[in-house]
1. With D185, D195 as the choices, which residue is assigned to a loop (DSSP other than H, G, I, E, B), of a type outside the set (K, R), in contact with a Ser or Thr (Cβ under 9 Å, 6 or more places away or on another chain) and surrounded by 15 or more Cβ atoms within 10 Å (Cβ to Cβ)?
2. Looking only at residues that are farther than 19 Å from E97 by Cα, of a type in the set (A, V, I, L, M) and in contact with a helix residue (DSSP H, G or I) (Cβ under 8 Å, 6 or more places away or on another chain) in region 167-184, which one is modelled with the lowest pLDDT?
3. Would you check if there is a residue in region 256-265 being in contact with a helix residue (DSSP H, G or I) (Cβ under 8 Å, 6 or more places away or on another chain) and open to solvent by less than 30 Å² (accessible area, probe 1.4 Å)?
4. Just the residues that are surrounded by 24 or more Cβ atoms within 10 Å (Cβ to Cβ) and either in a loop (DSSP other than H, G, I, E, B) or under 19 Å from the mean Cα position of the chain (by Cα) (or both), please, taken from region 309-330.
5. Test R87 against the criterion of being open to solvent by 40 Å² or more (accessible area, probe 1.4 Å), touching a residue at least 12 places away in the same chain (Cβ under 8 Å), within 21 Å of A376 (Cα to Cα) and not small (G, A, S), and give yes or no.
6. Filter region 108-139 down to the residues that are in a helix (DSSP H, G or I), open to solvent by 10 Å² or more (accessible area, probe 1.4 Å) and not aliphatic (A, V, I, L, M), then identify the one that is farthest from D236 (Cα to Cα).
7. Determine whether region 297-308 contains at least one residue that is open to solvent by 50 Å² or more (accessible area, probe 1.4 Å) and under 22 Å from the mean Cα position of the chain (by Cα).
8. Please identify the pairs in which a residue from region 37-66 that is over 21 Å from L380 (Cβ atoms) has its Cβ atom under 8 Å from the Cβ atom of a residue that is aromatic (F, W, Y) and part of a helix (DSSP H, G or I), counting only partners at least 6 apart or on another chain.
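The values are calculated or read from the model by the stated rules, or taken from the named source; none is laboratory data. Bear in mind that the values here come from a model prediction, so they are computed numbers and not experimental data. Neighbour counts run over all protein chains shown; Cβ positions are idealised from the backbone, glycine included. We work out accessible area using only protein heavy atoms, side chains counted, and drop any ligands, DNA or RNA first. Shrake-Rupley method; radii C 1.70, N 1.55, O 1.52, S 1.80 Å.
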Amino acid sequence: MSASSSAIDPALPPAQARRTAADRAARRHRKMLDLEDFERAVRRRLPRAVYGYVAHGSETETTLRGNRAAFDRWRLVTRILVGVERRSSKITLFGHEYNQPFGIAPMGGSALVAYDGHNAMARAAAKANIPFILSANSIIPLEEVAKVNPQAWFAAYQSPNRDAIDGMVDRVARAGFKVLAVTADVPKGSNREFDARAGFSFPIRPHARLVFDVLTHPRWLFGTLARTFLRRGIPDIVNLEPDGGPNLFSTQVKSIAAHEALNWEHVRIMRDRWQGPFVVKGVLSCDDVALARKIGVDGVILSNHGGRQLDHAVSPLDILAAAIAAAGDMTVMIDSGFRRGTDVIKALALGARAVFVGRPFLFAAALDGEAGVDHAIALLAEEIDTDLALLGRRTVADLKPDLLAPATG
């Protein structure tokens, strides 16, 4: 757990200290009524630069705002008196039945925002039986996360070198990951003006403003940063290549995920070598959906990277129906901006097979580690269950376009 929740009084016996910490977390959770409450709760607990790295988008943040605005363009049509006492939110993806139609999106740098963040989210996802995707831009070895969550997916930031492709695919397979995705929407790093103004960059370069920011947030300093350095040393981006990756202070970290030469031929090579379900993440064009289908990709995740890449990019929700038409029998999933059960319902009604949620689960981990993520998952699951009942639908399969009406004002 992060220091914000796990500061244990050394004067108490260990068992009693753990119960005391758990009680404090439980009291905090009673105040967390929706996913956005977690962001509000941790905003002052995290250094300004760290909070901004998670919360903000690129340039004017038009894409970030547009992701939320897309949900307001639809209203929900209810059916009544149909008997909804037996409801189920279960879905099946690539042969595995999950308890909920949502999962945890890949987020780089999570373990520097919340102590052991990737593992905390992976464990919580495993307990709840929802999908979890590990980002290659992470400091916890993928082999470690696969042991924590044997059903986890892995999202590669794949370099176009053939040896690196073969080696990375083989490494992910040896670790036991069930689904391999390639994050394809980062040929070049975006313009993160908010990060620059907060003094945050990769590689990390300590300077007076950043040091002051960290020192004035001691719970994060000692509970996350110091514990991470004590456990893992100088953090390396260990999942980028077959043999690891640079550390966070290396100049090489600037271009770790930006591969301008990556193209569909490299994706085809990955598809041919990987023996399990294979997904392309970061799709916003129906033409790209069709290309993915043509080369045998099993699924796509429509995504604008949560507003963190191209500003003024289209919202995935706005192109979802057209993407479904282009996908044929390929699995279409979606992320970017999902916060409420009704958001998830709208995407499922438009044909998405699953929804991935990012920032709220990381903020929940920053607040209370694994227990925080447990609570966040439960909140969203309860919202969806309530929404099904109020809509007069019993299962996710009952969510069809007929329950949607365009907003008129």
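1. Among D185, D195, only D185 is assigned to a loop (DSSP other than H, G, I, E, B), of a type outside the set (K, R), in contact with a Ser or Thr (Cβ under 9 Å, 6 or more places away or on another chain) and surrounded by 15 or more Cβ atoms within 10 Å (Cβ to Cβ).
2. A184
3. Keep residues of region 256-265 that are in contact with a helix residue (DSSP H, G or I) (Cβ under 8 Å, 6 or more places away or on another chain), which gives 264.
Now restrict to residues that are open to solvent by less than 30 Å² (accessible area, probe 1.4 Å): none.
No, the conditions are met nowhere in region 256-265.
4. Passing the criteria: P316, L317.
5. Working: open to solvent by 40 Å² or more (accessible area, probe 1.4 Å): yes; touching a residue at least 12 places away in the same chain (Cβ under 8 Å): yes; within 21 Å of A376 (Cα to Cα): yes; not small (G, A, S): yes.
In short, yes.
6. Only one residue tops the list, namely K127.
7. Here is the first cut: in region 297-308, the ones open to solvent by 50 Å² or more (accessible area, probe 1.4 Å) are 298.
Filter once more, so that each one left must be under 22 Å from the mean Cα position of the chain (by Cα): 298.
Within region 297-308, one or more residues are open to solvent by 50 Å² or more (accessible area, probe 1.4 Å) and under 22 Å from the mean Cα position of the chain (by Cα).
8. Hits for this filter: R45/W220; L46/W220; P47/W220; V50/W220; G52/F194; H56/F194; G57/F194; E61/F194.
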